[in-house]
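Engineer: This is the structure I have questions about; it appears just below.
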Amino acid sequence: MTTMPIDAAPAELPIRDEPLAYVARLDARAESLVEGIVVHCTETPDLATARSLGEHLLYSSGTGNSGHYYIDRDGSVWSYVPITRVAHHVRGHNGNTIGIELVNRGRWPRWLDSDHQGMNEPYPDAQIDALIRLLQKLEQDLPQLRWIAGHEDLDRERVPAQDRPDALIHRKLDPGPLFPWPRVLAGTGLQRSTGG
């Protein structure tokens, strides 16, 4: 596990640009409006499944849910939505944030079952190293970035479980208890926000 000092220039990070088909229909925004980063896990078995879910059209605008960046377990980074577009990745905070999705099973495939709420897949070093490098790049490109949060920090809604409607569970738990917050924060100048 290696972390670059905050003031060191990040090494060139290869990012594969593969925009979702509906990107042009997402609201445009100025880069200067981006203040924070939201870390997610895909809660899917692989990147292909995450991509497929991102391609589903859910809104009357002809768009769906997606992060801006996706990082696979091997550390490869993909861009599905440019940061000059508002991606649908977290309720109430889309307009001023960048969503970064880490491929991880999470609660797949029974996200909302009461007996399947454990988040027990660790995040590989290569994935976390790539995340830190991406965060450092974004800090360089967007000097107004100040904070980072987990999806679970900003979406705290509890909903009835699918298998037991009498039981309330958290709608979002990602990136979950195995996400290495101290390591990520040590590698960036961002402050963690818990949504206060």
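The values are calculated or read from the model by the stated rules, or taken from the named source; none is laboratory data. Predicted model, so just to flag it, every value in this text is computed and none were measured. Virtual Cβ from ideal backbone geometry, glycine too; neighbours counted across all protein chains shown.
For every residue, the table says whether it meets (1) aliphatic (A, V, I, L, M); (2) surrounded by 13 or more Cβ atoms within 10 Å (Cβ to Cβ); (3) at pLDDT below 95; (4) assigned to a loop (DSSP other than H, G, I, E, B).
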{"position": "Gln144", "(1), (2), (3), (4)": "no, no, no, yes"}
{"position": "Ala149", "(1), (2), (3), (4)": "yes, yes, no, no"}
{"position": "Asp166", "(1), (2), (3), (4)": "no, no, no, yes"}
{"position": "Asp174", "(1), (2), (3), (4)": "no, yes, no, yes"}
{"position": "Pro182", "(1), (2), (3), (4)": "no, no, no, no"}
{"position": "Thr194", "(1), (2), (3), (4)": "no, no, yes, yes"}
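Engineer: Output the strands (runs of 3 or more DSSP E) that fall wholly within segment 1-95 and possess 2 or more residues being at pLDDT below 95, or say none. So that I can check it myself, show each step before the final result.
Structural biologist: Details: elements: 15-17, 36-41, 69-71, 77-79.
Here the list is empty.
Engineer: Would you confirm whether any residue within segment 111-126 is within 13 Å of the chain's Cα centre (by Cα), farther than 19 Å from Leu190 by Cα and either among the hydrophobic types (A, V, I, L, M, F, W, C) or assigned to a helix (DSSP H, G or I) (or both)?
Structural biologist: No, segment 111-126 contains no residue that is within 13 Å of the chain's Cα centre (by Cα), farther than 19 Å from Leu190 by Cα and either among the hydrophobic types (A, V, I, L, M, F, W, C) or assigned to a helix (DSSP H, G or I) (or both).
Engineer: A further question on this structure: Of everything in segment 141-161, what is over 22 Å from His89 (Cβ atoms) and either polar (S, T, N, Q) or touching a residue at least 40 places away in the same chain (Cβ under 8 Å) (or both)? Give them in sequence order.
Structural biologist: Residues of segment 141-161 that are over 22 Å from His89 (Cβ atoms), as a first pass: 143, 160-161.
Within segment 141-161, just Ala161 meets the criteria.
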